[in-house]
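Before any comments, here is the structure.
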Amino acid sequence: MSSPHLPIALPDLPIATVATIAPFDGQRVQIRGWLYGRRSKGKLHFLQVRDGTGIIQAVMFKGDVDEATFTLADHLSQETSILVSGTVRRDERAPIGYELAADGLTVVKEAAADYPISPKEHGVAFLMDHRHLWLRSRRQHAILRVRARIVKSIRDFFDSNGYLLLDTPIFTPAACEGTSTLFETEYHGQKAYLSQSGQLYNEANAMAFGKVYTFGPTFRAEKSKTRRHLTEFWMVEPEAAYLDLDGVMDLAEGLVTTIAADVLRDCGAELDTIDAIRSEVEEQKQLKPRREALALIQAPFPRIDYADAVAMLHKLGSDMPYGDDLGADDETILTQQFATPIFVNRYPAEVKAFYMKRDPARPDRALCVDMLAPEGYGEVIGGGQREDDHDTLLAAINKHELPVEAFDWYLDLRKYGSVPHGGFGLGLERTVAWVCGLPHVRETIPFARLMDRLRP
Ligand code: 4AD
Ligand code: MG
């Protein structure tokens, strides 16, 4: 029963969580959570209780509780916050292997009866408008747990490979990835821009510490409404002194195979949930079950020269002109030929950022690489070797019509102890979308920022 002086927990009863219920088998516990769903059959109520760590079924038998409690359980609205007590029992049929034989129910706060998200299929716009509530549902839960696991995997990978985590600024005085996608803001009387990439500062950090990485939010005023573009996304960017293009590809391959193995090992249940709850649109894509897809992510990934990639595309019917960047469709066609991700390297320098080192063997090409994910997921990593010669870099800054004064410190790195160096950026949301087999990056972050979405 609802009480104004409700304890945060029921007295004298251990608090169990769904995720860690196993050791409580046979014991009386309490679960503190919310009513996710319910159904009744004669003298039984089946309450789906979620507590943030998972969902457990509490079975309430009429004979085990008083009349008032049994009646109460029959009327509670979805998302009512509750404390449920009962005995944990093993149940092979339950998704988590256990259920709760309920013997008590306390309402913390009854939810309004019109909870907007019901089991029926809602449109995406509606769900995105209710993202603050949509987060509670099973599939979103699974996706965001995979995201968190990937973040941990990334951090563990770099930490254990001698890379030092160093954060780079978000307010910056100049562009990194080109001026067309900069968010501008007023900064105490001057103009500042939200960082598109921590790379340039990372290069300074690498010259100070050798091997570094930064992992934070980056911003692009993308005018594109595609399934791959957010305006605010998270990127992990390793950067290392004495690292050449091949080294960059080795590192990227190591990272991505580690992510796949970690998720496969630790998030099997989440992957199964995501596979089981797919919209019609997703089903039409006929993606591989995610466990199967991840098991295929094994090194080595093919390393394909840009010119060979273009030739392959032409054979596959694309009419993209040699010299252009690959479009999303080209990436899809190309990656469909391979089971693993691929590296397309040495793009024409003309279509790439100012900081890229040119290939000494073919100066029209940049020592850069994109990693393209299979199943049409396209570019998840971009990186390469950086221009390390002062005068060449200065000329590139001028050629790109960038303000030299904003890059004086960056040029200093080439004046004082310049070494060949490189790194890359992996987009977290695109990686999560691919790992989970999602049609759009909007579900991979709790609150997506898109060209046409700033709320909730
Ligand atoms: O290829 P990008 O633009 O590379 C850089 O920013 C380099 N400065 C990184 C570096 O070398 N340190 O972006 C890197 C990755 C892309 O491959 C993609 O995964 C992701 O960032 N990305 C986006 N993800 C979501 N929404 C967007 N608008 C994105 N733009 C890039
Ligand atoms: Mg790129």
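The values are calculated or read from the model by the stated rules, or taken from the named source; none is laboratory data. What you are looking at is a predicted structure, and each value in this text was computed from that prediction instead of being measured. Cβ atoms come from the backbone with ideal geometry, glycine included; neighbour counts cover every protein chain shown.
Annotations
- Long-range neighbours under 6 Å by Cβ, at least six apart or interchain, first residue touching a residue at least 24 places away in the same chain (Cβ under 8 Å) within the range 369-395, second near ligand 2 (Cβ under 10 Å from one of its atoms) and not in a strand (DSSP E or B): none
- Residue selection: Phe158 satisfies the criterion of being within 16 Å of ligand 1 (Cβ to nearest atom) and hydrophobic (A, V, I, L, M, F, W, C).
Let's see how each residue does on (1) free of Cβ contacts under 8 Å to residues at least 60 places away in the same chain; (2) surrounded by fewer than 20 Cβ atoms within 10 Å (Cβ to Cβ); (3) more than 16 Å from ligand 2 (Cβ to nearest atom):
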site: Gly189; (1), (2), (3): yes, yes, yes
site: Gln199; (1), (2), (3): no, no, no
site: Phe209; (1), (2), (3): yes, yes, yes
site: Phe215; (1), (2), (3): no, no, yes
site: Phe233; (1), (2), (3): no, no, no
site: Ala240; (1), (2), (3): no, no, yes
site: Ala252; (1), (2), (3): no, no, no
site: Lys285; (1), (2), (3): no, yes, yes
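- Positions within the range 349-361 being in a loop (DSSP other than H, G, I, E, B) and under 14 Å from Ala307 (Cβ atoms), in sequence order: Ala361
- Against the numbered list (1) outside any loop (DSSP other than H, G, I, E, B); (2) under 36 Å from the mean Cα position of the chain (by Cα); (3) of a type outside the set (Ser, Thr, Tyr), Arg93 comes up short only at (1).
- Subset tally (residues that are more than 16 Å from ligand 2 (Cβ to nearest atom) and either on the phi > 0 side of the Ramachandran plot or of a type outside the set (A, V, I, L, M) (or both)) for the range 161-177: 9
- Residue that is closer than 22 Å to Asp275 by Cβ, away from ligand 1 (no atom under 14 Å from the Cβ) and loosely packed, with under 15 Cβ neighbours inside 10 Å, where the choices are Pro403, Pro439, Pro374, Pro446: Pro446
- Residue pairs meeting the criteria (Cβ under 6 Å; at least 6 apart or on separate chains; first assigned by TED's automatic domain parsing to the domain that holds Thr53 and at pLDDT 95 or above, in the range 9-32; second surrounded by fewer than 17 Cβ atoms within 10 Å (Cβ to Cβ) and among the charged types (D, E, K, R)): Asp25/Arg90
- Leu72 being modelled with pLDDT under 95, outside the structural domain of Leu133 (by TED's automatic domain parsing), surrounded by 13 or more Cβ atoms within 10 Å (Cβ to Cβ) and more than 22 Å from Ala269 (Cβ to Cβ): yes
- Test for Val310: is it surrounded by 14 or more Cβ atoms within 10 Å (Cβ to Cβ) and closer than 18 Å to Arg365 by Cβ: yes
- Residues that are away from ligand 1 (no atom under 13 Å from the Cβ), closer than 28 Å to Tyr410 by Cα and in contact with a Leu (Cβ under 6 Å, 6 or more places away or on another chain) within the range 328-371 comprise just one, Asp359.
- Top-ranked residue of the range 349-358 - restricted to ones that are free of Cβ contacts under 8 Å to residues at least 60 places away in the same chain and within 13 Å of ligand 2 (Cβ to nearest atom), ranked as surrounded by the fewest Cβ atoms within 10 Å (Cβ to Cβ): Val351
- Filtered by the rule that a residue be more than 10 Å from ligand 1 (Cβ to nearest atom) and touching an Asp or Glu at 6+ places or on another chain (Cβ under 7 Å), the range 166-204 gives Lys191, Tyr193.
- Of the residues making up the range 316-348, those that are surrounded by fewer than 21 Cβ atoms within 10 Å (Cβ to Cβ) and either assigned to a helix (DSSP H, G or I) or not assigned by TED's automatic domain parsing to the domain that holds Ile397 (or both) are Ala328, Asp329, Thr332, Ile333.
- Residues in the range 199-235 that are farther than 20 Å from Ala174 by Cα and among the β-branched types (Val, Ile, Thr): Val212, Thr226.
- On inspection, Asp246 qualifies as over 15 Å from the mean Cα position of the chain (by Cα), more than 11 Å from ligand 1 (Cβ to nearest atom), part of a helix (DSSP H, G or I) and under 25 Å from Leu367 (Cβ atoms).
- So Met451, is it of a type outside the set (S, T, N, Q), at negative phi and either crowded, with 24+ Cβ neighbours inside 10 Å or within 16 Å of ligand 2 (Cβ to nearest atom) (or both): no
- All of Leu438, Leu426 fail the test of being within 16 Å of ligand 2 (Cβ to nearest atom) and under 14 Å from the mean Cα position of the chain (by Cα), apart from Leu426.
- When the test is whether a residue is under 20 Å from Leu326 (Cβ atoms) and either within 16 Å of ligand 2 (Cβ to nearest atom) or surrounded by fewer than 17 Cβ atoms within 10 Å (Cβ to Cβ) (or both), Ala361 does not pass it.
- The range 131-155: number of residues that are loosely packed, with under 15 Cβ neighbours inside 10 Å and either small (Gly, Ala, Ser) or assigned by TED's automatic domain parsing to the domain that holds Thr69 (or both): 1
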